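Bear in mind these aren't lab numbers, they're just calculated from the coordinates by the rules spelled out. These numbers were taken from a predicted model, which means no experiment stands behind them. When we count neighbours, we look across all protein chains shown, and the Cβ atoms used for this are built from the backbone with ideal geometry, even at glycine.
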Amino acid sequence: MSTQANTGWIGLGAMGWPMAGHLHAAGQLKAVWNRTLNKSAAFAEQHHDTLAATTPETLAERCQVIMLCVSADHDLESVVESMLPSLQPGQVLVDHSTVSPAAARRVAERLAEREVGFIDAPVTGGVEGAVKGQLAIMAGGDWGTFQSVQPQISAYARVTHHLGHVGSGQAAKAVNQLMVGGIAEAVCEALALMDKLDLPREHMLELLSSGAAGSWFLEKRGRTMLADEFDVGFAPALFLKDLKICRSLCEEAGFESSVVHQAITDYTTLVDQGEPGKDISALIRLKRQ
Ligand code: NAP
């Protein structure tokens, strides 16, 4: 293990596992913890010299920098609360989960009580971006603290920007998710119409991707959604969580968003219908109904 390895990773889900893998490849990873312990054990088995911590507290005792990628506000806050007694002044936590800016600020305040730094750093680029180490990362927090974790973040980022105080990264992610919601609505609806009009799928996918309608979502998910495959990607329930964060920020800003309204209506229906797909492109099923 490299002498520089001083970083811990919490949350080995669809995003966290490959991101932690890049950190390991960069010689930076010391320990991992995942709530479901057999995942952290499997990760440690596949990544030599990585400790599978059995609690977040033991990880916090050993690592100077701790990266997190869990699900929602309460998940982040509960993990941080459990680590708090073990943290020492000068340590830094970086959160890659998508949570509300308010939760990011609450966590930063709790950590500041122990003189521990915090950066909110949500990501975009999907599971594919995480696997390739090509994520875009939007960060908020103290500038010097942000600079100090660049070696870790650069292991899996294609582009990173510091956007301001704590919570700015999460506000930026909400803007990103508004756009993703609109694109998902448009692409799923258009491909459902395309099928109704009996247009040839392969030719149409090539044409649509090559012109002004082209997008990441169409390129990565167009073919799979037409084949009714929704196994890899971003869970509709997680996206609904993001859209609700975006709606709260719109309300705070006195801003009307028809895109967020429509996407929340549709993804609520999808989740309520027990949509088993693991990706938001399962929206096409609703558009076909
Ligand atoms: P995921 O596959 O569902 O993984 C979630 C991870 O968080 C798992 O390791 C889970 O542990 C852990 N976790 C959840 N609640 C926890 C709690 N209360 N305490 C401790 N650990 C907890 O989700 P994901 O797709 O990796 O997404 C992770 C975050 O990145 C989310 O905030 C999501 O919105 C965001 N994001 C996802 C994508 C995407 O394309 N998937 C893209 C950008 C951003 P267990 O294994 O025990 O369940």
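Observations, loosely collected:
- Amide H contacts of residue 29: 24, each under 5 Å away and 5 or more positions distant or on a separate chain (H built 1.01 Å from N in the peptide plane; Pro and chain starts excluded).
- If you take the alpha carbon atoms of region 7-165 and fit the smallest convex hull around them, that volume is 92 Å³ per residue.
- Approximate shape of region 1-72 as ellipsoid semi-axes (Cα gyration tensor, √5λ), whole Å, largest first: 16, 13, 12
- Under a Gaussian network description of the chain, with springs only between Cα atoms under 10 Å, the residue in 91, 177, 262 that fluctuates furthest is 262.
- Normalised convex hull volume, the chain, alpha-carbon set, Å³ per residue: 131 Å³
- Long-range amide H partners of residue 118 with built H, under 5 Å: 93, 142
- Vicinal HN-Hα couplings computed from phi for region 93-105 (Karplus, 6.51 cos²θ - 1.76 cosθ + 1.60; Hz; Gly/Pro x): 10, 10, 9, 9, 5, 9, 10, 6, x, 5, 5, 4, 5
- 10 Å Cβ shell holding at most 11 others, DSSP loop, GluC sites (Glu not before Pro): longest site-free stretch of the chain: 116-255
- Residues of type lysines that residue 132 reaches as a straight line, Cα spacing below 27 Å, ignoring anything fewer than 8 places off in the same chain: 30, 39, 173, 220, 241, 278
- Remark: spin-label model distance residue 212-residue 25 equals 3.8 nm, labels positioned 7 Å along the Cα→Cβ axis.
- Highest mobility in the GNM of the chain, judged by mean-square fluctuation with C-alpha springs under 10 Å and restricted to 60, 235, 227, is found for 227.
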